[in-house]
Amino acid sequence: MIHNQFSSGLESANLVVTSDPVHQAWSVIQKQKQINPNAEPTLCNVIQDSNLTIIAFGTPLGSLQEEEGLISSSNLKADNFTDFEFLCTKSNGSFSINQSAIKLFRSNYNELNRKKNELINLSKTSLIIITGQSVGGSVATLFTLWLLKRLDLLKTKRPLCITFGSPLVGDEHLRQCVLQFATWKSCFLHVASNQDPTPKLFLTRNTSGTYKPFGAFLLCSSSGCACSEDPDLILEQLVTTNSVSAQNQDPNIEFRYGQVLEDLKHKALCKSSSQSIERERDPLQASIVTQLLVIGFLTQQLPDTEMQNLIRRMKKHETELLIQKKKNSGSDKKLNKMKTCLALFEWYKKESNFLNTGYYDMYKRQCNPSDINVNEYKKRLWNFWEDTATEVENKPQMEGSPLGVRWLWAGTNYRRMIEPLHIAEFYKKSGARNYKNGGKRPKHFILLEKWLEQKQATQKPKPKREVAATSNEDSCFWARVEDAIILCNLLKNGKAVTDAEKVTYNEELKEFEDYVWDVVDNHTVCPDIFLEKSSFMRWWKEYKGMVGSSYSSQLADYMNSRTYLKYT
């Protein structure tokens, strides 16, 4: 797999042009053309070799003569085409795609769907390269996004999309949607020569703001090459190229990248493309100017002010990449700190069990010296996960959990450990009921639970537990207990309770009883619910007094026989 940090420019370019995937991709494109050179090109062919699978997209005749404009995803949705709606976010509800590319994609939908299903099965054992030249590269880009939606990158190899001389496929909104997926943007490498007119096919000085690139670009010239993810540099290079051969070449005649790649590989191995800018004291600026020289950009003779503005924007882009890298690293470190905070609550639970009270009830009473530290760490964890859930919610809405396995597991532990404490505060202060379904539950708990359910829906059902959970899997268990206690008190006092309300309350208590038996029978609750001073045992005593000693049910028989003492 090609390294995913292309911002180092010259070094990354040397790595790319000397690596096998780029040359293998171009070789398959050439073979595709040689199969039957007199026939009209097919859209795609799959070539499989041991642990490598390459799907190459061709450019059917006339495809470059289609519309050069953009069509919005909302218009596609209105036309009952929603295959790329998963890219939308709450803050970015619509994006636009090149009409030629999406038209070609839709006209071959059934064939592409079959290929996608084949690749999903192969992705567990095979490295997948998706490639294409010209508009075929645009379709390859869309196909890769479509495939990534279905892949679990924790269990499969990451596919790599390599295009040659491909026009840009979408606008700034599409770029922003793709960038929301931290691992996805590193799947795209676009090779573009300043002698090839096709990458700039839909671009002019007036329309360059409409189309925006995403992924890494290997920008090539006769002087050398450099890798970049900087959209400003990429657009400037595509729009202002003044190669005579590029101006005179018919875009329908595909540019041959084979010789270009071989020359660049030779230069990289011989280190002949390196240039130094001694007059630049700023190392970052020196690196940027060197890249511009290598890709032939400084020969464009742009006005000095425009060139300085471009260099300034490139420096800003590189700085932002570095900050983002540090931020991502910092997030992982902070997650580890939050796990350390959560460890404190395990000691708090052990202390509560020793006092025969239980974790939930000890916190609710707030009469233990440990409560001071618990409140401090609870606030830290709350702020971290509330911010995290909000950030993740604004990302594209995908099938399955939006959180990675590590983060989802940490968030689930947090929810099961901390939400009971919030419930304790809620019932102690408000005296109200119906916490879970009455609009009182904090949003980030709802999101963390929903994301876990989405993840579990994509997995095989787990076998029934044989031992008790270390924490209640239903983080709202104690809210259900509190509601049941309130119902018992309402029925016991009998004041201002109508006959209809009595029937409803008794039905709700029976539903709660069935729920308790289900979680006990499936071992999804913690043993501390059966501690003598717990709120659950208080409810059971109240409920037993209401239904009488002769009442029989699975839970009643279990409790009356004191079998719960053996619950582990």
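The values are calculated or read from the model by the stated rules, or taken from the named source; none is laboratory data. Note that the structure is predicted; figures quoted are calculated from it, not measured. Quick reminder, even Gly has a Cβ in these numbers, built from the backbone with ideal geometry, and neighbours come from all protein chains shown. SASA here: full protein model, heavy atoms, side chains in, ligands and nucleic acids out. Shrake-Rupley method; radii C 1.70, N 1.55, O 1.52, S 1.80 Å.
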Here is a list of conditions, (1) within 28 Å of the chain's Cα centre (by Cα); (2) charged (D, E, K, R); (3) open to solvent by 50 Å² or more (accessible area, probe 1.4 Å), and Lys455 meets all of them except one; can you say which number that is?
(3)
Can you name the condition, by its number, that Cys44 falls short on among (1) surrounded by 17 or more Cβ atoms within 10 Å (Cβ to Cβ); (2) modelled with pLDDT under 75?
(2)
Taking the criterion of being modelled with pLDDT of 90 or more, farther than 27 Å from Phe217 by Cα, open to solvent by 10 Å² or more (accessible area, probe 1.4 Å) and not in a helix (DSSP H, G or I), would at least one residue in segment 84-97 satisfy it?
no
Test: residue in segment 68-81 that is open to solvent by less than 80 Å² (accessible area, probe 1.4 Å) and at pLDDT below 80
no
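Trp347 - would you say it is free of Cβ contacts under 8 Å to residues at least 60 places away in the same chain and crowded, with 19+ Cβ neighbours inside 10 Å? Working first, answer last.
Numbers: free of Cβ contacts under 8 Å to residues at least 60 places away in the same chain: yes; crowded, with 19+ Cβ neighbours inside 10 Å: no.
No.
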Any residue at all in segment 12-34 that is at pLDDT 65 or above, touching a helix residue (DSSP H, G or I) at 6+ places or on another chain (Cβ under 6 Å) and assigned to a loop (DSSP other than H, G, I, E, B)?
yes
Sort out which residues of segment 118-140 are over 20 Å from Ser107 (Cβ atoms) and out of contact with any helix residue (DSSP H, G or I) (no Cβ under 9 Å at 6 or more places or on another chain), and write them in order of number.
Asn121, Leu122, Lys124, Thr125
Show the residue pairs that are 6+ apart or on different chains and have beta-carbon atoms under 8 Å apart, the first residue being within segment 105-127 and closer than 22 Å to Gly58 by Cβ and at pLDDT 90 or above, the second being part of a helix (DSSP H, G or I) and open to solvent by 40 Å² or more (accessible area, probe 1.4 Å).
Lys116/Arg150
Being closer than 24 Å to Glu351 by Cβ, open to solvent by 80 Å² or more (accessible area, probe 1.4 Å) and modelled with pLDDT of 85 or more is the filter here; which residues of segment 363-391 pass it?
Arg365, Glu376, Lys379, Arg380
If you take the residues of segment 242-270 that are among the acidic types (Asp, Glu) and outside any helix (DSSP H, G or I), which of them is modelled with the highest pLDDT?
Glu254
Which of (1) outside any helix (DSSP H, G or I); (2) free of Cβ contacts under 8 Å to residues at least 12 places away in the same chain; (3) in contact with a helix residue (DSSP H, G or I) (Cβ under 8 Å, 6 or more places away or on another chain) is the odd one out, the single condition Asn437 does not satisfy?
(3)
Which numbered condition trips up Ser352, out of (1) open to solvent by less than 50 Å² (accessible area, probe 1.4 Å); (2) at pLDDT below 90; (3) under 21 Å from Phe445 (Cβ atoms); (4) assigned to a helix (DSSP H, G or I)?
(3)
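Suppose we keep only residues that are at pLDDT below 90 and outside any loop (DSSP other than H, G, I, E, B) within segment 411-434. Which one would you say is least open to solvent (accessible area, probe 1.4 Å)? Spell out how you get there, then give the answer.
Taking segment 411-434 first, the residues at pLDDT below 90 are 428-434.
Then keep just the ones that are outside any loop (DSSP other than H, G, I, E, B); that gives 428-429.
Details: Lys428: 111, Lys429: 167 Å².
The selected residue is Lys428.
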